[in-house]
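What follows draws every value from the coordinates through simple rules; no lab data is involved. Small disclaimer: the values here were computed from a predicted structure and weren't measured. Methodologically, a virtual Cβ is constructed for each residue, glycine included, from the backbone with ideal geometry; neighbour enumeration extends over all protein chains shown.
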Amino acid sequence: MSGFTRGFLGRRKPSDPRLPPGQYDTGRSWPVLTAEVTPKLDTAEWTFGIDGLVEQPVSWTWDEIHALGADTYRGDIHCVTTWSKLDMTFTGISVDTLLAIAKPQPSATHVLATCHTGYTTNLPLADVTGGKAWVAWEVDGAPLPREHGGPARLLVPHLYFWKSAKWVSGLRVLDHDEPGFWEERGYHDRGDPWLEQRYQGD
Amino acid sequence: MIDDAGPEVPAVGPWQAGTVVDIRTETPRVKTLRIALPVAAPHLAGQHFLVRLTAPDGYTAQRSYSVASPPDGTAEIELTIERLTDGEVSGFLHDELVVGDALEVRGPIGGWFVWSGTTPALLVGGGSGVVPLVAMLRLARRTPNQALAHLVVSVRTPEDLIYASEMSGPDVTVIHTRTQPPDGPRPAGRIAVDDLAPFVRPDATTFICGSTGFAEAASNLLVDAGVATPTIRVERFGPTG
């Protein structure tokens, strides 16, 4: 539609260059949007694995993955439902560190993130390497709450947040793109908020 | 684990300039807009649409609203809007929008929280979380086997009940958490396992919609009542103004 909405002026705030198009700052609140019952996952039984097209399939326990070190992401997150949350701090382990151990084969192009609930989401390998993705277990200095994906979630903050799978259980390395849970239901395969890639065809 | 069964999901349509053809006041904080679309965008019960407002200088604000009308083969949809305190979009829709206005919408969206109308369903809603469930209830009431769906809706007071004229009959249970009506069958209080257990059946899909607090409480109660986690589908309402 080329026209504007009669009578609407909007309450724009001073424009914040950190907000992608169509997003607003949710402030202190952190909305919870999930499709399934929040699982109760015991870290004593928790695992994270990498399989598929790798030289060395690996599975880490909670203690083993923590022993690999800790990395921090400071910045913003963007949900496809149009809220963004600015200035967050997440702690976890870089996916680069994990993939360096599993060693993707040369034919690898994508990953499918899998979760303890059965949720899945697909990502190009290039979007989870080069310091762009983490398995995160702390937010703003505290353990990641269950409703936000605790004990650990995938964190891919440069893409819409449905890609940052809650309750993540692993990455399956593939030589093709394979739509995940929301991607099979009309959501975009990549989900770049700066390009407003919300739905298939955007 | 997520149970993968479900109806075929229609593609998300393009943005369209709809026309507001009716506005109904449901409660002091809730209105329903009936919108005629230039091109029909058939939805499944439970799906939502985006509404986008554009200012003269190009500034836009968009929000998602559940469709309250059942799939009916027309090019019209009904969206129910709760007015949120200081809500930029909901405030505009309540205070400025009039019948005849153009309103830009896009949908249908959401392929998980949907019901085909052919299998048993238990619908559990809190407050304005009842909206997508009412689309399902209305669909159920149009099918030959009206007993397929049962709605349990939780509201604070009788005045907060949306679609009140339709919220009676053997397929609806209304729970009041703060104030019960004079003839109320149960004392006011939070939803409990006894409110849900009579309607649990092993072959049903359960749809829960409400605030995060309500959705968590209701899912825990349903699991306590014997509902299998994979058969529960949840939609949580965030504070989006």
Could you run the Karplus curve 6.51 cos²θ - 1.76 cosθ + 1.60 with θ = phi - 60° over region A:36-53 and give me ³J(HN,Hα) per residue in whole Hz, x for Gly and Pro? 10, 5, 4, x, 9, 10, 8, 5, 5, 10, 5, 9, 9, x, 10, 9, x, 7
Rounded to the nearest 500, what is the 222 nm mean residue ellipticity of the protein assembly as shown from helices alone, with -39500 (n - 2.57) per DSSP H run of 4+ residues and division by all residues? -3000 deg cm²/dmol
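If you count the DSSP beta bridges with both ends in the protein assembly as shown, what percent of them are antiparallel, to the nearest 5?
Numbers: 65 of 93 bridges.
Of the beta bridges lying entirely in the protein assembly as shown, close to 70 percent run antiparallel.
Shape call for region B:158-241 from the C-alpha gyration tensor, a ≥ b ≥ c root eigenvalues: rounded (a/c under 1.5), prolate (a/b greater than b/c) or oblate?
Details: a/c = 1.71, a/b = 1.26, b/c = 1.35.
Taking the square roots of the gyration eigenvalues as a ≥ b ≥ c, region B:158-241 is oblate.
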Here the whole-number average of other chain Cβ atoms within 10 Å per Cβ of A:181-187 is 5
Translational diffusion coefficient (Stokes-Einstein; Kirkwood radius from C-alpha pairs) of the protein assembly as shown at 37 °C, 0.692 mPa s, in µm²/s: 144
Which far-off residues, 5 or more places away or on another chain, put their amide H under 5 Å from the one on A:Asp76, with H placed in the peptide plane? A:Asp87, A:Met88
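What translational diffusion coefficient, to the nearest whole µm²/s, does chain B have by Stokes-Einstein, given a Kirkwood radius computed over alpha-carbon pairs, a temperature of 4 °C and 1.567 mPa s viscosity?
71
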When chain A is modelled as a GNM with alpha-carbon springs shorter than 10 Å, which of A:Ser94, A:Ser29, A:Ser59 fluctuates the most? A:Ser29
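Enter the per residue convex hull volume of region A:63-202, computed from alpha-carbon coordinates, in Å³ rounded to the nearest integer. If you can, show how the numbers build up before the last one.
On the way: hull volume 15.1 nm³, N = 140.
Given the Cα convex hull of region A:63-202, per-residue volume reads 108 Å³.
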Gaussian network model of chain B, Cα springs within a sub-10 Å range: biggest mean-square fluctuation belongs to which of B:Leu33, B:Leu137, B:Leu53? B:Leu53
What list of ³J(HN,Hα) couplings, whole Hz, do you get for region A:186-202 from phi and the Karplus terms 6.51, -1.76, 1.60, once you set θ to phi - 60° and write x for glycine and proline? x, 8, 5, 6, 9, x, 7, x, 6, 9, 6, 7, 7, 10, 3, x, 5
Roughly how crowded by other chains is peptide B:208-217, in terms of the mean Cβ count from those chains within 10 Å of each of its Cβ atoms? 2
Once both axes come from the Cα atoms, what is the angle between helix B:212-224 and the longest principal axis of chain B, in degrees from 0 to 90, rounded to 10? 30
The relative contact order of chain A, taking Cα pairs under 8 Å that sit 6 or more residues apart, comes to a percentage of 22
Could you go through region B:226-233 in sequence order and give the Karplus-derived ³J(HN,Hα) for each residue, using 6.51 cos²θ - 1.76 cosθ + 1.60 with θ = phi - 60°, rounded to whole Hz, and x for Gly and Pro? x, 6, 6, 3, x, 8, 9, 10
Can you list the lysines whose alpha carbon is less than 21 Å from that of A:Lys132, not counting same-chain residues fewer than 8 positions off? A:Lys85, A:Lys103, A:Lys163, A:Lys166
Provide a whole-number value for the mean count of partner chain Cβ atoms within 10 Å of the Cβ atoms in peptide B:57-67. 4
GNM result for chain B, Cα springs below 10 Å: residue of B:Gly58, B:Gly91, B:Gly213 fluctuating most strongly: B:Gly58
For the pair B:Asp22/B:Arg201, report the inter-label distance in nm, with labels modelled 7 Å from Cα in the Cβ direction. 3.1
